1. I want to check the label-to-label distance for Arg25 and Phe91. Put each point 7 Å from Cα in the C-beta direction and report it in nm to one decimal.
2. With each pseudo-label sitting 7 Å past Cα toward Cβ, what's the Glu73-Asp37 distance in nm, one decimal?
Amino acid sequence: MRTAASRRGRGSGKYTVLGSNVRIREGADLERVVVHDNTYLAQGARLRGVVVGRACDIRANVRCEEGVVLGDECFIGDNAVLGAGVKVYPFKTVEPGAVVNSSIVWESRGARSLFGRDGVAGLANVDVSPELATRLAPRLWPPP
């Protein structure tokens, strides 16, 4: 690994470490970040205090807050936001526009929304916690 020097158009700030074959597009903003080998960071990606695993694909305008850790081979879609302290285990997908505030461990993807045309959809005890189900029940039952 090598320490990144600040380059024109690439906001590699202090304490940023890049692995080999890391591709960073113009306008990406990194500070206190460790990025492992073969990772792609698109234009407008903003990472602060983040560790990124090998072969990750971080798309345009993604925001990762302090303490985020991405496992190997994760895909983070355009305009997704990962809140402080979120851990994304290896081989996971975060959909474009998703706002993730809790770690993605068992499920395979971070959904943009639980609410769809047919009601609420998600994995029990993962996307739809017992607390969320209890809060929604009075509004959804009885069906129209």
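Where a number appears in this text, it was derived from the coordinates with a stated rule and is not lab data. Note that this is a predicted model, so its numbers are computed, not measured. Counting neighbours? That spans all protein chains shown, and the Cβs are built from the backbone with ideal geometry, glycine included.
1. Using points 7 Å along Cα→Cβ, the separation is 2.7 nm.
2. Rounded to a tenth, the inter-label distance reads 1.5 nm.
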